[in-house]
1. Of the conditions (1) at pLDDT 90 or above; (2) closer than 30 Å to B:Ser23 by Cβ; (3) surrounded by fewer than 21 Cβ atoms within 10 Å (Cβ to Cβ); (4) not aliphatic (A, V, I, L, M), C:Ser171 clears all except one; give me its number.
2. I'm trying to understand the selection: among the residues of region C:56-75, which are touching a strand residue (DSSP E or B) at 6+ places or on another chain (Cβ under 8 Å), assigned to a loop (DSSP other than H, G, I, E, B) and under 16 Å from C:Phe5 (Cα atoms)?
3. Tell me whether region C:39-55 contains one or more residues that are away from chain B (no Cβ under 14 Å), assigned to a strand (DSSP E or B) and touching a residue at least 40 places away in the same chain (Cβ under 8 Å).
4. State the number of residues belonging to region C:153-171 that are under 19 Å from C:Ser120 (Cα atoms) and under 15 Å from the mean Cα position of the chain (by Cα).
5. Answer yes or no as to whether B:Ala71 is assigned to a helix (DSSP H, G or I), free of Cβ contacts under 8 Å to residues at least 12 places away in the same chain and not polar (S, T, N, Q).
6. Regarding region A:135-153, can at least one residue be identified that is modelled with pLDDT under 90, closer than 27 Å to A:Cys56 by Cβ and either touching a Lys or Arg at 6+ places or on another chain (Cβ under 6 Å) or away from chain B (no Cβ under 14 Å) (or both)?
7. Yes or no: C:Val78 buried (at least 18 other Cβ atoms within 10 Å of the Cβ), modelled with pLDDT of 90 or more and either assigned to a loop (DSSP other than H, G, I, E, B) or not hydroxyl-bearing (Ser, Thr, Tyr) (or both)?
8. Can you work out which of the residues in region B:75-126 that are at the interface with chain C (Cβ under 9 Å from one of its Cβ atoms) and assigned to a loop (DSSP other than H, G, I, E, B) is nearest to C:Gly74 (Cα to Cα)?
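The values are calculated or read from the model by the stated rules, or taken from the named source; none is laboratory data. Please read these numbers as outputs of a predicted model, since none were measured by experiment. All Cβ positions, even for glycine, are placed from backbone atoms using ideal geometry, and neighbour counts span all protein chains on display.
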Amino acid sequence: MKKLNPLLIGLSAIMLGVSPWIINAAPYESTMGLVQKIFYFHFPSAILFLVAALICGVASAIFLFGKKASADGWAIAAAELGLVFGTLTLVTGPLWARKAWGVWWVWDPRLTSSLLLWMIFCAYLLLRKYGGPGSDKLGAGMALFGMANVPFIYVSVNVWRTLHPQTSVVPTLPTDMGIPLWFCFAAFTMLFMALLNLRARLEHQRARVEALYLAEDEA
Amino acid sequence: MIASFFRVAWHVMRKDLTVEVRSKEVLLTTLFFAVSVVLVFSFAIVREGRAPDDVAAGILWVAVSFSGTLAMGRTFERERYNDTLRALLLAPADRPAIYAGKLLGLLVLLALVEIVLVPLVGLLFNAPILAFPGRLAALLALGTLGFAAVGTLFAAMLVRVRSRDTLLPVLLYPITIPVMIAGVRGTAALFQATPDLAMAQFWIGLLVFWDAIFITLALWTFEPVMTE
Amino acid sequence: MNNDFETLSVVDLARYYGRRKALAQVNFTCRAGEIIGLLGPNGAGKSTLLNILATLISPSRGRVEYGARTAAEGGAEVRGRIGMLGHDLFLYPELTARENLVFFARLYGLTDVEAAAQASLARAGLADRGDDLVAGFSRGMRQRVALERALLHEPRLVLLDEPFTGLDQASTAALVERLRERQQAGCILVIATHDLDVADGLLSRAIYLKNGRIVGSDDDSRGLSERYRLAIQ
């Protein structure tokens, strides 16, 4: 697993470096033109954001109920990555919105749901940081609630927004758009996996150092 | 087993209500705070003596949410005072039952606050609160239940944390947004000029689901999260 | 299944808070009818140890055995055999003494709660003050109610955290009397205290704690102040 990380990072760095050309080669979308190409970064970010939420929730459950201490490292790593990819999603989204519809923010159901989930990640990380001793357990409890909310956030925000008319932004994908999308998706996913591994490993090693320190002057 | 759960929850609730009836401190301060919230929002929103449409529902639920958070913090502050929370955890009683007891006590308190708040909002904004009393009561009951269920757990979790006063709303609000959306939109559907009963029904249904899932989750996580 | 136990064993106990060792390598055993004193300076870990014995804090390492079972195995039943008088007394000031006792009696599943509460009030010498709010009691009176609250369910293991703090002569004597009576009844009593004069002559055994470790223990309960000084220095 450890050996894989430099490979993943290297590969994703190369792919991301090359991506502008591949994206440039993709055809323009009919209604929105050039701006639509943010989609190739926006979509993978959004998906990985949700994946991070899932991982954080599952790891928190394992930590709290399965009592596996190492699960906590994965939970915090996933939360931090969720924050990063969520920020990416929430920045690329408004950039797109500005050019496509002329406003920075619209209460688009998906954007709003993402904002809520992003805030839950922020709250989780604030709790971990300022919660004092024992905040790993408290954070795990809170993360469970956050993740259990995901379907509800989706449903309630969607219904909330359909009361007012809204331009839809779901393009259907012809193959020559599919290629750059999956290319960027692969690049982002590899980056995500590598970062998750590294961050979780950092957390596990921190715990090991602490255990060694504590065992130091035992008989 | 089930009987002892309800027995313990009932006694914890009774104890909380006895304490509250003696001092009435939390009830009165929460009530006053809720009324202040309604007024502050009214001044912020009312223009030329008229409130924009649909605003009554929003203001009602914001007041419930803000004052509820305050009440939660205060009821657990009481348990911190003489470390009685420790005594409760020490007893051979089912820990989730203690959570349930505290939740019930909080619900009674918030119900009393809402009994004052709803007519007030109806009065100030000419909202038709008596048009569909059953559905309105259901929305309020289910929404308050969901909000209080998560809040009670979080307030208990934070009892030993130093920045608990600021962390409670930070944690609580993002998680209970679906409840807020359901509550506000459902109430608005009932208050609007041509009431949308189907919509209100939908939101009530959503709240039932949300409450069921999150109360179960809270009962499961109370014990692991409270043991140091 | 018998929930009662005759011995309390602490095996290789440690408790860490991050990098701070609140307790480390704590080992001792005690039996029914013993009064164990936990002595040591502030911050030695006495309260932490008491809380672990009460099952309120879980150890980072090692275990506590109540008879043959640990806290995890025993669960709620083990808690039912433990009574604790905390430093903060665990009483609701807004309730009367009787109401406090009745509430906890109910939590502990006692059958005749009113009678139990009345008996406790009598033993505390507060039968006539039973319906007054605890908020109006002096420290000594609260202490007596709190002690009876801890003993309502006739626990096997009685844990006391600094019970002699702020008590006058009469109250101290009454407390010592009650503790001796419990000792005769076969309880295991563990007392964390600073008050060496009172502890002198009361304890079966003294355990000296410093910086989370046991630095000495002995069975001779006389000349405690001198031996404390020797052990802790």
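1. With respect to (1) at pLDDT 90 or above; (2) closer than 30 Å to B:Ser23 by Cβ; (3) surrounded by fewer than 21 Cβ atoms within 10 Å (Cβ to Cβ); (4) not aliphatic (A, V, I, L, M), C:Ser171 is out only on (1).
2. Residue satisfying the conditions is C:Gly67 alone.
3. Narrowing region C:39-55 to residues away from chain B (no Cβ under 14 Å): C:39-46.
Filter once more, so that each one left must be assigned to a strand (DSSP E or B): C:39.
Of the ones still in play, those that are also touching a residue at least 40 places away in the same chain (Cβ under 8 Å) are C:39.
Looking for residues that are away from chain B (no Cβ under 14 Å), assigned to a strand (DSSP E or B) and touching a residue at least 40 places away in the same chain (Cβ under 8 Å), one finds at least one in region C:39-55, hence yes.
4. Initially, region C:153-171 is screened for residues under 19 Å from C:Ser120 (Cα atoms), giving C:153-160, C:163, C:170-171.
Adding the requirement that they be under 15 Å from the mean Cα position of the chain (by Cα) leaves C:153-160, C:163.
Qualifying residue count for the region: 9.
5. Criteria not met by B:Ala71.
6. Yes: one or more hits.
7. Taking the combined requirement at face value, the residue does not satisfy it.
8. B:Pro92
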